[in-house]
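Q: One structure follows; several queries about it will come next.
We did not get these values from a lab; they are worked out from the coordinates using the rules stated. What you see is a predicted model; the values in this text were computed from it and never measured. Because the Cβ atoms are built from the backbone with ideal geometry, glycine has one as well, and the counts that use them run over all protein chains shown.
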Amino acid sequence: MLVLASASPARRRLLEQAAIPHRVEVSGVDEEGIVEPDPQRLVQRLARAKAEAVAARLASRAAAAGPSEGVLGCDSLLCVAGAVHGKPADAAEAMERWRAMAGRWGELHTGHCLLGRAQPLLATVTTRVLFADLSEDAIRAYVATGEPLHCAGAFALEGRGGLLVERLEGCFSNVIGLSLPLLRRWLKPL
């Protein structure tokens, strides 16, 4: 069974929909304490820190040298015009981001780390996202739903934010929170 080191309901739903047996164990990692200027390396470092925190907790509970289950850590960031965006702190920040994102391309980077093998598996998957050119009223209406406050990049592709995306180039599930094609390749057999 896979242990998902994430509080993300979207990642959990992806695993459920793909019929991947799993359970959730939130890492509790302080993401602000991990600094890395390159966003692709940053999401990979964050994913690894989350996976390692959960694996260590599982190992201490089992009094064993390592986890008996595969532990998957993930983290996502959106980059638009050189700016890096995680979850917005509040509605005002979400509004400001959407003003900058509307009508532009962004890159959604998701770092993945799978522990439970001899060597950790690490990867960053990037998907390009073209956002709709929105009016101020449309941005305000979307932010008022509260949905963008819970998502990296201030949008949820699988929710109302899906209406605000014109085009994707790359892995669809990556934008939701983890790359299912990558995970399929990694899970042969754990």
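Q: Within a 10 angstrom radius of the beta carbon, how do Asp90, Asp38 rank from fewest other beta carbons to most? Present the calculation step by step, with values, prior to reporting the outcome.
A: Working: Asp90 9, Asp38 12.
Placing the least packed residue first, the sequence is Asp90, Asp38.
Q: Let me ask something additional. List, in order, the whole-Hz ³J(HN,Hα) value for each residue of segment 137-143 obtained from phi through the Karplus relation with A = 6.51, B = -1.76, C = 1.60 and θ = phi - 60°; use x for Gly and Pro.
A: 5, 5, 4, 4, 5, 5, 4
Q: Residue-wise, which Karplus ³J(HN,Hα) couplings in Hz belong to segment 96-103, taking 6.51 cos²θ - 1.76 cosθ + 1.60, θ = phi - 60°, and x for glycine or proline?
A: So the J values, rounded to whole Hz, are 4, 4, 5, 4, 6, 7, 3, x.
Q: Follow-up question, since we're still on this one. Calculate the dipole size of segment 2-186 relative to its Cα centre from +1 charges on Lys and Arg beta carbons and -1 charges on Asp and Glu beta carbons; express the result in debye to the nearest 20. Working shown, then result.
A: Working: 21 positive and 21 negative charges, 143 e Å.
Here the size comes out at about 680 debye.
Q: Using the beta-carbon distance between Glu31 and Ala81 and R0 = 30 Å, what value does 1/(1 + (r/R0)^6) give for FRET efficiency, to the nearest 0.05? Could you put the intermediate results ahead of the total?
A: Values: r = 22 Å, r/R0 = 0.75.
It comes out at approximately 0.85.
Q: Take the alpha carbon gyration tensor of segment 75-123, find the square roots of its eigenvalues, order them as a ≥ b ≥ c, and report rounded if a/c is under 1.5; if not, report prolate when a/b exceeds b/c, else oblate. Before the final figure, lay out the partial values.
A: Details: a/c = 5.13, a/b = 2.43, b/c = 2.12.
Here segment 75-123 falls in the prolate category.
Q: For the chain, with a Gaussian network of springs between Cα atoms less than 10 Å apart, report the residue from Ala94, Ala19, Ala138 with the top mean-square fluctuation.
A: Maximum fluctuation in the GNM of the chain, among the listed residues, is at Ala19.
Q: OK, next. For a quick check: sort Thr145, Thr126 by the number of other beta carbons within 10 angstrom, fewest at the front.
A: Ranking Thr145, Thr126 by Cβ neighbours within 10 Å, fewest first, gives Thr145, Thr126.
Q: Given points 7 Å out from each Cα along the Cα-Cβ axis, report the Glu147 to Glu96 separation in nanometres with one decimal.
A: Spacing of the two 7 Å Cα→Cβ label points: 2.4 nm.
Q: Taking the Cα centroid of segment 1-72 and of segment 108-177, what is the distance between the two, rounded to the nearest whole Å?
A: First find each Cα centre; the distance between them is then 19 Å.
Q: Please arrange Met101, Met95, Met1 by counting, for each residue, the other beta carbons lying within 10 Å of its beta carbon, fewest first.
A: So the ranking, lowest neighbour count to highest, is Met1, Met95, Met101.
Q: Let me ask something additional. Could you pull out every residue, at least 5 positions away or on a different chain, whose amide H is within less than 5 Å of the one on His22? Hs are placed 1.01 Å off N in the peptide plane, and Pro or chain starts have none.
A: The list, which skips near neighbours in sequence, is Leu2.
Q: With Cβ to Cβ distances under 15 Å as the rule, what net charge do the other residues near Leu149 carry (K, R +1; D, E -1)? Display every interim value, and only then the final one.
A: On the way: positive: Lys87, Arg97, Arg140, Arg160; negative: Asp90, Glu93, Glu96, Glu147.
That sum, taken over residues with Cβ under 15 Å, equals 0.
Q: Further question on the same structure: Taking the chain as a Gaussian network, Cα atoms linked when under 10 Å apart, which of Val35, Val165, Val71 shows the biggest mean-square fluctuation?
A: Val35
Q: Between Arg140 and Arg41, take the C-beta separation as r, use R0 = 35 Å, and let me know the FRET efficiency to the nearest 0.05. Please report the intermediate quantities before stating the final value.
A: Numbers: r = 35 Å, r/R0 = 0.99.
After rounding, the FRET efficiency stands at 0.50.
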